[in-house]
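The values are calculated or read from the model by the stated rules, or taken from the named source; none is laboratory data. Since this is a predicted model, take the numbers as computed values, not measurements. Quick reminder, even Gly has a Cβ in these numbers, built from the backbone with ideal geometry, and neighbours come from all protein chains shown. Protein only, heavy atoms only, side chains kept; ligands, DNA and RNA dropped before computing areas. Shrake-Rupley method; radii C 1.70, N 1.55, O 1.52, S 1.80 Å.
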Amino acid sequence: NTTSWSIDNVSVKEVIENNVPRIDYTLGCGKLLLEGQRTNSLLQSNTFNTAWINQLGGGTITGGQINALSESDDAWKLTKDAASGRSIRQAISLSSSTYAYSAFLKSGTLTNASMRVDTSSGARFMNLDLSIGTISSTSGTIVSTSIEDYGNGWYRCTMVVSESITNVHVYVGEFSGTTAGNIYCQRTQLEQGSYSTSYIPTSGTAVTRVADTPSKTAATALIGQTQGTIFFDSFFDDLDTVNFSVSDGTSSNYILIDTSGGAVVFARVQQGGVTQAQINTAPAFYTAGTRLKCAIAYNSNDIAFYINGTLVGIDTSATIPACNQIRFARWNGVVAAAQRVQAAMLFPTRLSNAELATLTTI
């Protein structure tokens, strides 16, 4: 009771788990990240002293390095001698197709690295500056390259080729570099496709991640309630043709966010074939391509409509219908145009006006 303590060294690490839904909060609210089926064809994706061939010229491959991407210290330090062309290599045999080869790399005593894919038509190189996270040069026919900053000096580096593949390499320093030193490496992946997906661990055999698919479950607590909130975040690319609704599948009962002539956005509540409430913006409210975050909150005699953090209007006399269908369309299911939807949500409660302002602010 008489001793004071302090903590002066705190770090936060991401925990990577299998079969756990991934959520993206970049828009201020969570949305599922769903990916198609992919196979990591590398036999060892994060153990570089087994299936990978040491071509470091007497250099070392040392595991157990601080990772900073997860709780496990499973990164590797790759150290080479003072000669050029030093790499680790995994032999692979893949028939001609489009493949994305990726690795997480971090500078050590050396700030440069290279990635190489041997194809049926020759070697393809990507040279990297890991001190600033750039691709300094490429060699050979490469479809695309990318480098993504993961923090703490780590970069996910990806090159895409469209040929048959016989080897993949990670070079310590650039291919022609003759300075001894080291870099850090982890989580390599070679997958069929034109871009890299989330990491698929392998330990001796290729591993396939099946496609992510959302499943529908009973939603009686959410669908069909007579109070709630509809949130719709979309780019309004075409004038007067963007819409989102909940309904019972008829033109008699629905709650709708829609557009009409003159670039007007409106919210409408229809119950028993009678319009209970309609709240409109002024004409020419938006131009084609405008992003709008819209929300209509509803309860008996209590409706509010917000767009981009601002109250458009209220209604205090509406009866609310029970609706059990969600549509990226009008109440009748007609989709007027393609829509670039950022997010859509249905809440089972009438959010407060303060919450609506926060939710819809861009």
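For the chain, report the accessible area per residue in Å² (1.4 Å probe, heavy atoms, rounded to an integer).
47 Å²
Which peptide among 183-195, 339-351 comes first, and what is the full order, when sorted by highest mean count of other Cβ atoms within 10 Å?
Taking the mean over residues of other Cβ atoms within 10 Å, the ranking is 183-195, 339-351.
If you add up the charges near Asn54, with Lys and Arg at +1 and Asp and Glu at -1, over every other residue whose beta carbon is less than 14 angstrom from its beta carbon, what do you get?
Residues close to Asn54 contribute a combined charge of +3.
Could you state the number of Å between the C-alpha centres of the stretch 112-156 and the stretch 41-106?
14 Å
Dipole of the stretch 201-321 (Lys/Arg Cβ +1, Asp/Glu Cβ -1, origin at the Cα centre): which of Thr205, Ser300, Pro321 lies farthest to the positive side?
After comparing all options, I get Thr205.
Compare the Cα positions of Ser234, Thr349, Ala267 along the charge dipole of the chain (+1 at Cβ of Lys, Arg; -1 at Cβ of Asp, Glu; about the Cα centre) and return the one farthest towards the positive end.
Final value for the positive-end residue is Ser234.
Quick check: net charge around Asn112, other residues with Cβ under 11 Å of its Cβ, Lys/Arg +1 and Asp/Glu -1?
-2
Hey, got the dipole for the stretch 228-357? About the Cα centre, +1 on K and R Cβ, -1 on D and E Cβ, debye to the nearest 20?
In total the dipole reaches around 100 debye.
From the list (1) 22.1; (2) 25.8; (3) 29.2, can you say which value of mean projected area of the Cα convex hull in nm² was derived from the structure given?
Of the labelled values, this structure produces (2).
Using only alpha carbon pairs under 8 Å that are at least six residues apart, calculate the relative contact order of the chain and give it in whole percent.
The normalised contact order for the chain reaches 16 percent.
When the dipole is taken about the Cα centre of the chain, and only Lys, Arg (+1) and Asp, Glu (-1) are charged at their Cβ, what size is it in debye, to the nearest 20?
420 debye
Please report, as a whole percent, how much of the solvent-accessible surface of the chain comes from carbon and sulfur atoms (probe radius 1.4 Å).
So the carbon and sulfur contribution to the accessible surface is 49 percent.
What's the magnitude of the charge dipole for the stretch 59-179 around its Cα centre, counting Lys and Arg as +1 and Asp and Glu as -1 at the beta-carbon? Answer in Debye, nearest 20.
Dipole of the stretch 59-179, to the nearest 20 debye: 260 debye.
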